[in-house]
Structures are given as structure tokens and as C-alpha cells.
1. Residues ARG82, ARG66: which one is closer than 27 Å to PRO199 by Cβ, among the charged types (D, E, K, R) and touching a Leu at 6+ places or on another chain (Cβ under 7 Å)?
2. Counting only residues that are small (Gly, Ala, Ser) and surrounded by fewer than 19 Cβ atoms within 10 Å (Cβ to Cβ), which one in the range 346-374 is nearest to TYR320 (Cα to Cα)?
3. Given the structure, is ALA186 over 18 Å from SER317 (Cβ atoms) and in the same structural domain as PRO360 (by TED's automatic domain parsing)?
4. From the list PRO291, PRO360, exactly one residue is in a strand (DSSP E or B) and either at positive phi or touching a helix residue (DSSP H, G or I) at 6+ places or on another chain (Cβ under 6 Å) (or both). Which is it?
5. Considering only residues of the range 157-215 that are β-branched (Val, Ile, Thr) and not in a helix (DSSP H, G or I), which is farthest from LEU147 (Cα to Cα)?
6. Of the numbered conditions (1) surrounded by fewer than 18 Cβ atoms within 10 Å (Cβ to Cβ); (2) in contact with a helix residue (DSSP H, G or I) (Cβ under 9 Å, 6 or more places away or on another chain), SER40 satisfies every one except a single condition; which is it?
7. So which residues in the range 329-354 are in a loop (DSSP other than H, G, I, E, B) and at pLDDT 95 or above?
8. Please determine whether any residue of the range 317-328 is buried (at least 19 other Cβ atoms within 10 Å of the Cβ), among the polar types (S, T, N, Q), part of a loop (DSSP other than H, G, I, E, B) and in contact (Cβ under 8 Å) with a residue 24 or more places away in the chain.
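The values are calculated or read from the model by the stated rules, or taken from the named source; none is laboratory data. All figures in this text were calculated on a predicted structure; none of them were measured in a lab. Using ideal geometry, Cβ is built from the backbone for each residue, glycine included, and neighbour counts are taken over all protein chains shown.
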Amino acid sequence: MLDFTKEEYDSRLAQTQREMVRRGLPVLLLHAPENIAYLSGFRMLGFFMYHALVVPASGQPILVVRDVEQAAADETCWVQNRSVYIDTEQPINAAARALRGLELDGGKIGIEHDTWFLTLERMAILQSSLPNAEFVAEPNIVRRLRLIKSPAELDYLRQASRVVEAMMQAGMDAIHVGASERDLAAAIMAAQATAGGEPPLEPILMTGERTRQLHGTWTDRRLNEQDAVYFELNGVVRGYWSKLMRTAAVGKPTPEQRRVAEILAGALSTGIAMMRSGADAGKIDEALRGPILKARLRDSYYHRVGYTMGLIYAPSSGEYLREFMAGDTWKLEAGQVFHMLVIASGIGFSETVHVTDGGPELLTRFERRLFECS
């Protein structure tokens, strides 16, 4: 079953091909799973093996697919033209066959330079297999189209937000003195499944002194009174991710924990309120980052405070097509979706936000405060 209507896929392909013609690119050879899925619908977990999508500037694309993944393609993908390989052959041969069949193996071939899935080894084999081709960096044609979400994509993101809220509630409910981080993770992952979510990366879950880490996951550590419990969770529906970050205290929070949480939550509220089409990213960044530095909650604050969300494949946990960094000059556009976050002193809050002409739509609606759990 397709995740979107055939008409939506047709529109995406047409926009891609128009931009290819404008850029003088006869063909794209795409390897990023998000871009393959966006144009073809093909979704599965086996992208650790070689897969690609050949997109000519006119006509129908060709899916390069491992033979044993054809059942997944039959279920999720509208593209009927396929170049199939079996495990006893060099997978790149299937891509070369597809390009030769289109007579596009001897000119410019646009490839993504920023993807985990076109390794140096695979690139070297591609070049040797297609000696007459000129491989050029494509200008992120599909990635840029993905920035503006369609109504159907937004529906999936709203569903994913309900999933991540259920996961967060389950994590909060599992907190008590003596519980282990593993106990919390079990509750969260059970809620993910029962709420209709899909498996993303493992949850970011840290407690006590471990909250100084940025991307730690669970251990067998047990909770003590006044520990901070830091969650960054991902709800996923049809490959679309919504993220939510909250922090709890085991028992009564310390005065310092309360102070930090109040400053962080206030900064996040101020920054999100500014998010509408045409807004200046640099000013929003300063609204989030500035109060934290002014209060000296951090000695420095260089990492991003927001980035785009949508269709994502691990090992990434965000689209990263647009990021909020100090001094940014780009403008927000209606239809973009961002994960906005503030972190300091082992405490963090975040929301997934849809930008509209009239202002922000909070996709995540979990209460934003420092929770007290006993």
C-alpha cells in the first residue's frame, strides 16, 4: 500500500524533473533512502545493502533493488521499472544496467555528495563500471523539495506527535526511586508499539550525572532521589519523525533545577512564538540561545537550536536541511517543520513545530515543565 496517492508521487517526480532540466542534468542516481522513498514510495529496513533510484530528466524512474527486497517494493513502491541484483553479483552492476538501458551512462550523472549510503568503495566501483560517465554533485534537488511538507505529510507528522507524546508519558510514569534506566526504556518502547509508532533510533535516555552527555541511551543505572531524568524521544509514522524532549526530577527538584528549567522553557516559548513564514532565523536563534548565555547556564552554546524534521532514515535523526545557528540570515517558509530545542545543566526541552503564514503550529503538545516524579 502506498503511503501517499499516486498523484502526489507524480507531482514530486514532475517537480524534480523540471529542476533537472533547468540545471542541465540528464539523470540523477539517488542513494539516500529518504530521497528514494520520497519519489518512489520504497520503504524498508534493508538499506544497509545497495539500493538506488535512477531518475531521468523525462520518463519513468528505475528502482535498483536487491532481489530479496522485491516483496517490500511490491508493497510500498509505485515504480514498476526495476533493475534487480542477486547477492552473488556486484550490486553496482544493476545501477550500470539501468543507466545503459536508458542510454544515459556516458554523460553527466548527478549524485548526492551528502549521504551515508554512497560509500567511498561504492563510488569507486561506480566510476570503474561507468568509465564514460561524468559524475557531478547534484544540487540537493529532492532534499530541497522535501523542505515544504504537503498536507498528507503533515498528517503523518501529527500522528507521529501523538506517538511520541504517549512514549513520553510512559517514560514519566515509570520513574521512581530504584527504577533502572532499562525499566524506563522498556515502558517507552512498549508505548511506541501500542500507540502506532515505528522503530526509529533507540531513545535518548540519561539520568543523574549521565545527563551531561548529549546522546546517551539507557544503562542499568538506578534512579536516586533528586536525580534529573532526561528524555529525547522520537515518534515515527510512515517514516515521518516527530521529536520531543522533556526532563523530570526524581522527587522534589532542587532550587537550581527549577531555575534552569524556568529559563529554558521561557526561552523556548519566546523563540517558537516568532516562527512564521518570512521570519528571520537568526533572530529566532538569538531568542533561544541568548537567555541561556545571559543566565550563564552554559559557558558557550555553539550547537544548533533547531533543525528540519520530516522523512528520516537512521543513522540520522533529523532532516538537517535547515538548521538554526548563530548569525543565520535565511527566512522561514510556510510548510516547514522544525525540531526546536534548548539544553543546559542536564535539563532540556524541545518541540516539533510546523511553520504557517499565521504563526507556529505546535505539533507536540506535551506539557512543558520540569516534572516531579516519585
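1. Working: ARG66 fails: touching a Leu at 6+ places or on another chain (Cβ under 7 Å).
Just one listed residue meets the conditions, ARG82.
2. We begin by selecting, within the range 346-374, every residue small (Gly, Ala, Ser); these are 346, 348, 350, 358-359, 374.
Remaining after also requiring surrounded by fewer than 19 Cβ atoms within 10 Å (Cβ to Cβ): 358-359, 374.
On the way: GLY358: 24, GLY359: 21, SER374: 37 Å.
Only one residue fits best here, namely GLY359.
3. On the way: over 18 Å from SER317 (Cβ atoms): yes; in the same structural domain as PRO360 (by TED's automatic domain parsing): yes.
Here the answer is yes, as ALA186 does meet what is asked.
4. Numbers: PRO291 fails: in a strand (DSSP E or B).
Answer to the check: PRO360.
5. Looking only at the range 157-215, we keep the residues that are β-branched (Val, Ile, Thr), and these are 163-164, 175, 177, 188, 194, 204, 207, 211.
Still in the list and also not in a helix (DSSP H, G or I): 175, 177, 204, 207.
On the way: ILE175: 37, VAL177: 43, ILE204: 25, THR207: 34 Å.
Among those residues, the one meeting the criterion is VAL177.
6. Here SER40 meets the rest and fails (1).
7. Keep residues of the range 329-354 that are in a loop (DSSP other than H, G, I, E, B), which gives 329-330, 332-336, 345-346.
The answer is TRP330, LEU332, GLU333, ALA334, GLY335, GLN336.
8. Among the residues of the range 317-328, at least one is buried (at least 19 other Cβ atoms within 10 Å of the Cβ), among the polar types (S, T, N, Q), part of a loop (DSSP other than H, G, I, E, B) and in contact (Cβ under 8 Å) with a residue 24 or more places away in the chain, which makes the answer yes.
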